[in-house]
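> Take this structure first; my questions come after.
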Amino acid sequence: MKKILMGIMVFLLILSCKEDKKEKFLPNSVGAINTLSIVIDNDMWNGRVGDSIRKYYADEVLGLPVVEPLFTIHQIPFEVFSGATRNSRNVLVVKKDTAEVAGLRTDLYAKPQKVGIIKAPTEDEIIQKIAETAPQIINAFKKNDILESQERFTRSLNRETALSEELGVSLTMPSIYKIAKQEGNFFWIERQIRKGTMNILVYEMPLNSIPDDSTRVDAIIKMRDSIGEKYIPGRREGMYMITEKAYAPYVFDAEIAGRKAIETKGMWEVKNFAMAGPFINYIVTDKPNNRLLVLEGFTFAPSTNKRDYMFELEAVLKTLKFTSPKKDLAIKSE
């Protein structure tokens, strides 16, 4: 009996080692942020199924000045989907098959990786499954890219400590981001890019300054415009950053650092001057410190696509951590 038990234990140990080795042999996933490999036969890609995929996965990104797709898509026929072509970070497999499948797999061919799989016997059923699963799969791909972006930040970190010392929070961002302005508890962090700048604002507001009702959009606009007038001037007197008046921003419920938040996406402009761009804003409820913490990213990059810039800013803002109790509340709504 002892020999049998020992034999079983040795077998399980060997099996476990084999599984560990197999897991370690997964290659690193590859690909630019916001890219998606779609594995599908050419005929379906050029027909109704392809149109359905593009409807959801190449849909317009909200809050940008020009139309840009959610993903830059690369279509791959099944006959060439092997070897290194399987290592994309985000993959969508769509196939006509007798078995019906609609779901997500993690680290199937590479690591980290998300693979959406949609199979059904007919094109009509495939199209239906594409529509039903698109929100879930797109969300998984975007989260995967956020995590990849944040991992890349750690290769060369900004190590300034002023945010933690003054506001009791930290953001993980590349060293290329620098504090450009600090006034009291207001921070303006800037990154120089080829044709402009990427910017992050961090400040705090009184806890109940944004109502949780139908008036919150107006309150958010008022807050942003007040901060812009006080801290973000234009070239001449009377010029400052405001929320673009022509279009209402998009507002969603969100969660940042495990706390309730409001996400706002829209366009900023400079009052009395032809300058504008996209912004993303998070208002985080910080009850332990009796305040709202406001994080905003905005880009100024004329004649340049801005999807990837704004995605990077979103990834930075979502690294928020509360590190210690804050100092005195310094900024109030006007």
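> Once you have the alpha carbon radius of gyration of region 218-334, what is it after dividing by 2.2 N^0.38 Å, with N set to its residue count?
1.10
> Determine, from the Cβ-Cβ distance of residue 165 and residue 190 and an R0 of 30 Å, the FRET efficiency 1/(1 + (r/R0)^6), rounded to the nearest 0.05.
0.95
> Report the FRET efficiency, 1/(1 + (r/R0)^6), for residue 128 and residue 154, where r is their Cβ-Cβ distance and R0 is 45 Å, rounded to 0.05.
For residue 128 and residue 154, the calculated efficiency is 0.65.
> What is the projected area of the convex hull of the Cα atoms of region 131-251, averaged over all directions, in nm²?
Mean projected area for region 131-251: 11.1 nm², to one decimal.
> Take the Cα atoms of the chain, build their convex hull, and give its volume per residue in Å³.
Roughly 206 Å³ of hull volume per residue.
> Continuing with the same structure: Magnitude of the Cβ-charge dipole of the chain, K/R +1 and D/E -1, about the Cα centre, nearest 20 debye?
In total the dipole reaches around 1120 debye.
> Within region 155-242, which GluC sites (Glu not before Pro) sit in a loop by DSSP and count at most 12 neighbouring Cβ atoms inside 10 Å?
237
> Still on this structure: Could you pull the Cα extents of region 26-153 along its three principal axes, largest to smallest, in whole Å?
44, 39, 22
> What is the distance, in nm, between label points placed 7 Å from the Cα along the Cα-to-Cβ direction at residue 74 and at residue 246?
3.6 nm
> Given H placed 1.01 Å from N in the peptide plane, which residues other than close sequence neighbours of residue 92 have an amide H under 5 Å from its amide H?
Amide H neighbours of residue 92, under 5 Å, 5+ apart: 37, 38, 39, 116.
> Rounded to the nearest 0.05, what FRET efficiency do residue 324 and residue 101 have when you use their Cβ-Cβ distance and R0 = 56 Å?
E(calc), rounded to 0.05, equals 0.70.
> By counting other Cβ atoms within 10 Å of each Cβ, how are 175, 88 ranked from fewest to most?
Least crowded to most crowded, the residues run 175, 88.
> Could you give P(r) for region 103-154, binned at 10 Å from zero, as whole percent values over all Cα-Cα pairs?
Taking all Cα pairs of region 103-154, the binned fractions are 23, 42, 25, 8, 1 percent.
> Can you compute 3J(HN,Hα) from phi for each residue in region 206-213, using the Karplus curve 6.51 cos²θ - 1.76 cosθ + 1.60 with θ = phi - 60°, rounded to whole Hz and x for Gly and Pro?
Once θ is set to phi - 60°, the couplings for region 206-213 become x, 4, 9, 7, 10, x, 9, 8 Hz.
> Please provide three numbers in whole Å: the alpha-carbon extents of region 137-205 along the principal axes, with the largest listed first.
That gives 42, 29, 23 Å along the principal axes, largest extent first.
> If you take every DSSP beta bridge fully contained in the chain, what fraction is antiparallel? Give it as a percent rounded to 5.
If I count the DSSP bridges inside the chain, around 80 percent turn out antiparallel.
> Please give the charge dipole size of region 23-89, origin at the Cα centre, charges +1 on K and R Cβ atoms and -1 on D and E Cβ atoms. Round to the nearest 20 debye.
200 debye
> Further, regarding this structure: Mean residue ellipticity at 222 nm from the helices of the chain, using -39,500 (n - 2.57) per DSSP H segment of n ≥ 4 over the full residue count, to the nearest 500 deg cm²/dmol?
The helix-only estimate for the chain comes to -10000 deg cm²/dmol at 222 nm.
> Please state the charge dipole magnitude for region 162-322, taken about the Cα centre, from unit charges on C-beta atoms (+1 on K and R, -1 on D and E), reported in debye and rounded to the nearest 20.
For this selection, approximately 420 debye.
> Oh, and also: Arranged by the count of other C-beta atoms within 10 angstrom, fewest first, what order do 86, 224, 236, 105 take?
By the 10 Å Cβ count, ascending: 236, 105, 86, 224.
Bear in mind that the values in this text are calculations on the coordinates, not laboratory data. Just so we're clear, the structure is a prediction, and the values are computed from it rather than from any experiment. Please note: Cβ atoms are built from the backbone with ideal geometry, for glycine as well, and neighbour counts cover all protein chains shown.
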